[in-house]
Structures are given as structure tokens and as C-alpha cells.
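What follows is one structure encoded as C-alpha cells, with my remarks underneath.
Each value in this text was obtained by applying a stated rule to the coordinates, not by laboratory testing. If you're wondering where the values come from, they're calculated on a predicted model, not measured in any experiment. As a convention, Cβ positions derive from the backbone with ideal geometry for all residues, glycine included, and neighbour counts pool all protein chains shown.
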Amino acid sequence: MIKIRNLQKSFGDKVILKNIDLDVAEGETVAIIGPSGSGKSTTLRCINLLERPDQGELTIGKNTYDFNKLTKHQITEIRRTTAMVFQNFSLYENKTALQNITLPLIKAKGYEKHEAEKTALEYLDKVGLKDWKDHYPAQLSGGQQQRVGIARALALKPEVILFDEPTSALDPERVQGVLEIIKEISKERITSVIVTHELEFALDVADKVVFIADGEVVEKGTAKEVLKSPKDERTIKFLGHFA
Ligand code: ADP
Ligand code: MG
């Protein structure tokens, strides 16, 4: 279970996240939607400390952390129990698909090399890329690169996977394949938070949807409630004809 309370973040004197609360039950898939620039990526980046929050509390499973008083050990622990799938894949260009997965397993999880390779192959197979293991990112399509990104996150066996617009950098014909894989992950009840503009996908896959605007949670509920019967003016305007 993931619980965030009162998450606040400013860049300089610009307040980006005002007071974000978020609950993700174990095995649940929560979609975050909202206008561009509203703080969706910053929210995810604060959860795994790619950005340092100014204030707030995070619970992952049995552990609760105060963002104001994080020890080095806690920072490592939070990074180790969360994994991110990035919009632009964020793969090492000079490493093969396999190495992109083994490296964090060796570095962050302390795996032996052969153990890391066995695990990496297992997850490359899961995303349909076993035969592409020795290819470099530049030799892979965007969809394949993102599947490596997803395999890398899964291999870490995190408490939660954070997807930041995983398909928005893809050519249209590659989107569906990647969404299918994320749907599979969701069906396996791997706890996940997905920032996405794919509303149809969110309706199909997400247990809950959270609408964020101007650094605030404006509306949340089941996918059907938020996407098909939005109540707040801003949600209604954002969803337009979709609702
Ligand atoms: P979203 O993902 O919803 O599009 P972001 O979380 O990326 O929004 O950004 C929210 C706001 O924070 C934007 O106004 C963006 O310009 C600003 N922002 C994001 N990252 C930084 C940063 N590292 N430094 C300064 N401003 C930032
Ligand atoms: Mg973003």
C-alpha cells in the first residue's frame, strides 16, 4: 500500500505541488490525469525522490517516511522499493537491452552478474524481447525501448511501479503494444501509478483515477466515476466529450 499525505513541492518561489494526497491499495492501478504542467510528473518524481519534496509523508507498506527528515538509509530504501518507467525511456544508450536491466539489479539490489542476467532474460522474455537482448537502444524502436524500460522496472520487483506517460513519446502504431503490456501488469495486481493521457486505457485498466490540476488533486474516485461522471468544473472541462 502506498499513501501520500500533504506532499508539497516548490521550484524556486513557484509552488508546484500544493497539498497532494494519494492512496494506492496493494495490487491496485491508479491513473493520474490532468493538464500538461499541472504537476503529474513532479508527483511521481517526488514519490521515488528523483525530486526532493519540501514536505509531506509517504507510506510504503509498513514504513512511513517524513519527507522532511529522511535518513540516508531511508532514501536508499524508498528508491529501492519504487521503480519508474519514463516517458523518454531513459535507457543507457551505450548498454544493450540486457545490460540496461542487469545494471540496476547489480547496483541497487546487489545481485551477482549471472543472477542478474537470469532475471533480466526472464523479464525480457515477458515483454517479448528475448531475441533483442544484445541490441542497443538505438537499434530498437521506441516501443521496444519502452518495453525494455518496463522490463527493467519489473525486474527490480518494487512495491510500486510509477509510469510517467509511458506511451506519449511513441509513434501511434507502437502505443497499443505497450499499453497491452501495462494492462497485463495491472492484471497481475502489481501495484502501479500511471500518469497517462490515454483516457480509454485508464477507463479500461485503472481501479481509480485521480485528476490533478494546478498542483492539486481536484477529483478522485473509481475510473468510471471520474472519467464518466466528473463533478468538478475543471475535470468536466478537461475531459470534454470523453465523459
Ligand atoms: P506535468 O507532468 O503535469 O506536465 P510537471 O510535473 O512536469 O507537470 O511540471 C509542473 C510544473 O513544474 C511546470 O510548470 C514545470 O515547468 C515545473 N517544473 C518541473 N520540473 C521543474 C524543475 N526541475 N525546475 C523548475 N520547474 C520545474
Ligand atoms: Mg509530465
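Side notes on the structure shown:
- 3J(HN,Hα) along region 61-73, derived from phi through the Karplus expression 6.51 cos²θ - 1.76 cosθ + 1.60 where θ = phi - 60°, amounts to x, 8, 9, 10, 10, 9, 4, 6, 10, 8, 7, 4, 4 Hz, with x in place of Gly and Pro.
- Sorting 67-79, 10-22, 41-53 by their mean Cβ neighbour count within 10 Å, with the most densely packed peptide first, gives 41-53, 10-22, 67-79.
- Spatially proximal aspartates and glutamates relative to LYS118 (Cα-Cα < 18 Å; intrachain offsets below 8 disregarded): ASP131, ASP134
- For PHE211, neighbours were defined as the other residues whose beta-carbon sits under 14 Å from its Cβ, and their charges (Lys and Arg +1, Asp and Glu -1) total +1.
- With the gyration tensor restricted to C-alpha atoms of region 1-125, the semi-axes of the equivalent ellipsoid amount to 29, 17, 15 Å, longest first.
- Relative contact order [Cα under 8 Å, 6+ residues apart], region 130-243, whole percent: 18
- Stokes-Einstein D (µm²/s) once Rh is taken as the Kirkwood radius of region 172-235 over alpha-carbon pairs, at 10 °C in 1.306 mPa s: 126
- Anisotropy class of the chain from Cα gyration tensor, a/c 1.5 cut: oblate
- Sequence-separation-based contact order of region 70-211, relative, with Cα cut under 8 Å and 6+ spacing, percent: 29
- Relative contact order for the chain, counting Cα pairs under 8 Å that sit 6 or more residues apart, in percent: 26
- Cβ-defined net charge surrounding THR119, 12 Å radius [Lys, Arg +1; Asp, Glu -1]: +1
- Fewest-first ranking of VAL193, VAL178, using other Cβ atoms within 10 Å as the exposure measure: VAL178, VAL193
- For the chain, the antiparallel share of DSSP beta bridges with both residues in that region comes to about 60%.
- Pairwise Lys count, region 17-112 - Cα closer than 17 Å, eight or more residues apart or different chains: 4
- Sequence-distant residues sharing a close amide H with ALA213 (under 5 Å, placed H): VAL218
- Hz values of 3J(HN,Hα) by residue in region 228-243 - Karplus curve (6.51, -1.76, 1.60), Gly and Pro given as x: 10, 9, x, 10, 6, 3, 5, 5, 4, 5, 4, 6, x, 5, 5, 5
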